[in-house]
1. Whole angstrom only: what separates the Cα centroid of the range B:236-314 from the Cα centroid of the range A:414-460?
2. Do any trypsin sites (Lys or Arg not before Pro) in the range B:604-710 lie in a loop, going by DSSP, with at most 15 other beta-carbon atoms within 10 Å of their beta carbon, and if so which?
3. Enter the Cα centre distance for the pair the range A:216-278 and the range B:685-750, rounded to the nearest angstrom.
4. Determine the alpha carbon to alpha carbon distance for each of A:Lys195/B:Lys721; B:Lys51/B:Lys770; A:Lys204/B:Lys622; B:Lys389/B:Lys449; B:Lys235/B:Lys281 and list only those over 26 Å.
5. Determine the equivalent ellipsoid of the range A:315-480 by diagonalising the alpha-carbon gyration tensor, then write out the semi-axes as square roots of 5 times the eigenvalues, largest first, rounded to whole Å.
6. Where the only charges are on Cβ atoms (+1 Lys, Arg; -1 Asp, Glu), what is the dipole of the range A:330-406 about its Cα centre, to the nearest 20 debye?
7. How long is the range B:413-504 along each principal axis, judged by its Cα atoms, biggest number first, in Å?
8. Looking at chain A, which longest stretch skips every one of the trypsin sites (Lys or Arg not before Pro) that is in a DSSP loop with at most 12 other Cβ atoms within 10 Å, leaving the sites themselves out?
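Here, each number is a calculation from the coordinates, and none is a lab measurement. Here the structure is a predicted model, which means the values were calculated and not measured. Counting neighbours? That spans all protein chains shown, and the Cβs are built from the backbone with ideal geometry, glycine included.
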Amino acid sequence: MKKKLLSSHILVCLLGSSVLSSCSGFFEVEPYNAVVEDDFYKTQQDLNAAALGMYEPLSKDVHKFLLWGDARADMVTTGQAEPTPYINEFVINNVSAQNPYADYANIYATIARCNRQMERVFDVTKQDDKLLPKSVNAYYAEALLLRAICYYTLLRTFDTFPIIRSDYAEDISYVDEQGNTVNRKTSELTVNELKGLLQFPEDKQEVWQMVYNDVLSVLGMLPLNFQWNNFSLPAEERYGRLSQPTAATFAAEVAIWLGEFQTASAFCNSPIINNQHSLGTAGAWPNQFTGSYAAQHSMFLLGYRFDNSFETNRLQEFTSNVATDGGKYYLKPASHVINTLFSYENTDIRTTFSFKVFGQDTVIWKYIGLDNVWSMRPAHKSTASWQIYRSADAWLLKALADLHLNDYASAFNFINMVREARGLIKYLPEEINYTDREVMLDVIFTERAREFAFEGKRWYDLMLWSKLTGRNILAEKVSSKYSGQVKNEVYQKLLEEQSWYLPVQ
Amino acid sequence: MNKTIYILSSFFAGLLITDPLFAQQSDAPSSLQDSINLVDLNPSSISVTGKLYALPKVSVMESGNVGASSVLMLRGVNSINLSTSPLVYVDGIPLRYTASRPTFLSTYEPDRLGFLNPYDVTDISVNASGLLIPKVGGRGANGVLDIKTERGEFGGTKVDFSANYGLNNVDYNVPRFDAQSMKSYLWARFSEEGMPAQQLDQHPIFSATDPVYNNNTDWLDLIRQRGVFQDYHLKLKGGDGDANYMFAVGYTNKDGTVKNTDFERIGIRFNLDYNLSPSIKIFNNLSYTNTSGHYKDFGSDYAVHPLYVASAKSPFMATHFINPNGEQSRIMAGVDTLGFSNPLALVNNLENKNQFNRIDGVMGVNWALAESWSLSSDLSVSYFNLSEKQYRPALGIVNDLYRIRQNSQRSSSEFYLNWNGRLAKSGKISESTNYEGALQASVETYEEKAIYGRKINAGTDDFETLEQGIVDSASNTEFRSNLMTLMAQGAITWNDRVDIDGFINVQGSSNFGSNARWNLYPGARATVYVWGEKPQNILNLLLGYDRTGNHEVRGFYHYNQYYPVNYFGFGAVYLGNVANPDLRPEITDTYEIKATARPFGNRLQFNLGYYYKRTHDLITHKAVVKELGIDGLFENAGTVENKGLELGLSAQLISSKDFNWNMSASVSTLKNKVLSLPNGDVEQSIGMQTGIAKEGYALGSFYGYKVLGVFQSEADVNLNKSDGTPYRAGDYQIEDLNGDGRISTLDRQVLGAPLPEFFGHVSTNFSYKKWGLIALINFSQGADIYNSFKQQMHLMRDYANQDPAVLTRWASESEPGSGLSRAATNDPSGNGVASSLWVEDGSYVKLKNLTLHYEITSGKSQHFFKRIRIYFSADNLFTWTNYTGFDPEVNSLNSPMLRNIDFGAPPLGKTYKLGFRASF
């Protein structure tokens, strides 16, 4: 009896093990907290989640965009008495390649996710037959457009950078020296081999053309009305994701850089006549920053939600002077510059909301204020949206394009529309020599400086202004931020167009 | 009747459960194995790791942070991203010594061996390689601690009762300002920062009358306590030849030396051996332990570190609110004007609590079949649950960003089921040659789950649970791993002069993809009895080679994985890991040679060994160019070596009827070097400190800037910050490694290594008639310590109370001080970065334990007791060291990259203990 029990025990054990081992599933354990490839890119929900994932790396880097586009330019300087070196490098236009804030890795993370999305998007149609072809196109176009915006940012910011247009996560196809197409696994390539495979553009013009062509092909694919697969997008997604009006505005801006003013002017019409976008009211203008978005005003922004996912950016840290709120006061407005740029006649909402003066401290108010009086965001809840395109972009780009088409009246009108919408009185034709292109460029870029102050645009505006006039306005304006000997040093340095770009490690 | 109960209980236990005792049975005690009989040494540590101090090869660093895991190391460290702690077998049940989940608080790792009462343990074998435990295979790279609990023995019932009571005292004398000198320091700081004299005069802090700022509080004295240690253990042993049993109940309670820190354990254990027939033996183990503990955050989060805050808080502040009439209220003072928490709130109100339940069961059988065949099989089950809680109220405690109050809870469990089967045969090939062969298989499944939740900003401090507040974070993780081992083993003995053993272990793990799942772990050893036949030989020589692995990879890196992430409140997904289907375990090859000499029989044993341990295929993050935009891709690339001499000595110096004197000593040397890292240096950081794995240096070396001095004047400044602007007078002058005139991250260098050059112990055991004296000395030479706590006391970046040495800081060109930088709020020049200033030599010699005991034996058999031993012992009585922190035995993390960083956790302190042990 005893022996029997025992042998059955042993038998059960042996049997148990053979059953376990014969079962092929014994070793096939899948991760619990992640989705494996076999289970992903199956449905529209997967596609949509992957699409949202493309924006996430950019949303972590908006403080860098502030450094790249504003700290280097004329309207911003350091807030601290003894500035933090890596921040100061931007303010004094002396950025080193080791500077962590000059790292573009997150932009390439977005590019990689866009590339993967574009290669996978059409696979999903085979799996999810509820998915409409037009929605598939929309997902494709969204990825392509976001990638174009990334390259556009790299193009205007960095010295050299490679172009990656396919999904290299798993394998890389390339043509070797013998002219054969080789396909190799990324995991098997060494860093030096990978470096050798990176394709650097011949010149910047090549990238300009790529960006332009990409945005042109997107224009017809994105739906006009935020409806994908017959589902209306929630409000946050309308502005937190790319849309057709954004594509048109972006296309117009690229066209202006490329000197194609006719096209630019035409593209601007799309957002301008779209009834979802307008210049809005002066009263609602601060809502773009105090709320996550403002209907009519907002077009494309990087957004944050604190209440359920605790997403924040570092703009409060960078701009607030309140240490207990987590403010490091890295950056502040360059007072003497903004005093000449902003309007103090009448009530321009942008003058009262973009910055504030507290005793000794002038602060950038857009990202920390909750109204245009005193209310501030709570401590450590930095969720102000980062604007990439707003409706006002279309109006001011239209003015710029029409000016170069010698349609002075139209340019003049579009500027006045913006002025009026913000609480200023219209310019009268007799006040301004509006047929003088130089004068009008000054008026337009000043208006842009007021509208888009501290939104990471000023540096690029100065680049464009210089390009349009053929004069190095950037060097002139940026050096005006400094005084004494530094002023001339910076001026001399920025006369070289090469020094407008950040170095790459 | 008794037999029936035994049989029934054994089968009930067996239903749950089991163990491979044969691993020990098949391996005759060899000179490779180091184990001790644990009867004599009873340190006041709650963990069985306290007993390792008297063992060779293993380096132990216990912590005064009660309930925290000791840091163990066997033959160096050999992994960057995986665990480097030894695997532990408790009666054959494997146990990961370090948890794989991140710590609940900054550096507190609950001791995973805390469930085991040291009094239940009869033997600990330290296996530095897999040579003697072939089954270990893919998890043996860090060595194995093989722990056995006591079993029953033939004879009438024996009762052992032991009781211990001890007191632990720590003298927390952190150098710091008293109330008056703190005020003059602050006065100087404020005026250096440009506060005009008139404003200073009116500043309430400097008022001679304001009752809020005119106290004299010794904060450290208010938060410390004398730690009481209590341990009671009752053991029943007996057997009638067919059935032997051991039943033990233990209770342990130890208080820390900071208020409201403690550890409590209640455990029972029942081990049963039963002979079904002369050829069939079954064995069962069943144990249950509950432990609970309260602890504080003595890690890198200095804002709530009670010892730091008590040192840094101004002594002129009061413990309780002072009302406008100058009367002290009953309400505890809040966060003060200088931004510091109330240390009393940190020890009395902020609560971190652990509750741990573990149940283990083993059932096995050994069956001696016909003709020297034997079959054994066992099944073991182990389950534990750990619940961790934190309650952090608002009153008196600084906010954690937007979190005013927080309640967190984590509940985790591990389940483990293992079956082993083994068929063995032994016999003679010829008259002079014996052989032994075995085939073994084992199957194991392991599952781990954790649920974590944190709610914040409840309405009041009254809610100590997750009932109120908003969810701040929540997670639910699960990990499963299956393992199969197939093994063949053989041994030949020729003429009792030569032993040759060999094995092949083939192990498959679900942690890897099908390309790399199965791995081979072979080993072989040859022992030559050069002088004299075994077992009475005088000199033998052993050569060994074995291969082990480290397969604790939990990331499922052989799959493409999409990770969740948030964007604008929506659930987003991205490709977070790119599959590497060829990823395999890290592989360690150990070569060893060892000579054992016993020139005078058993009176003196001397052994000297040398090992060379090379680990390749380190799992590292593959370096890809960042333009590819992917972040997860792991591969096997990297090699590290550990090598050293191991010397052991034991001697019976005097052995007579009345006098006995034994001594033992060991020394192990260690040379660790990272040989290759094709993917480049690997850095890991905690707080402000960084550990690095860099080719040519010891793994986990401290990485930072080398300070050469202080710029005495503006004219002296010859270096720029990274932005090209010059340093200021009073800033540290840092060595400009690349000579570009700018100090940037490129100028960091290796500042020291946390691994000892050699370590060991000397113990002596002397007895005269009924009196006896035991002494244990431990030493460690050459390990550096990063003294983060000391740096914190010299930082001068806020208005913390500081070490009075800051009076010698650079104040102006006319008062350049003697070595410390200028004081500057928020440290704009980065004078507080990790630097060579805070790396200290951590060598020490410690009188670990001194015990005096007296034996009362009963002369007559009718006496109530057989034997009583009374003893008085003292732990950590003396430490000889140049280290300036609390204790050179630093307990930071069981992490190879972040060893020996001293955040100022409580030291072990001196413990005086009185105990007795009675046998009935």
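1. Distance between centres, Cα-based: 76 Å.
2. When the trypsin sites (Lys or Arg not before Pro) of the range B:604-710 are filtered for loop state and at most 15 Cβ neighbours within 10 Å, B:Lys657 remain.
3. 50 Å
4. Violating the 26 Å limit, Cα to Cα: A:Lys195/B:Lys721; A:Lys204/B:Lys622.
5. Output for the range A:315-480: semi-axes of 31, 17, 14 Å.
6. With only Lys, Arg, Asp and Glu charged at Cβ, the dipole is about 300 debye.
7. Largest to smallest, the principal-axis extents are 85, 23, 15 Å.
8. The longest such stretch corresponds to A:131-470.
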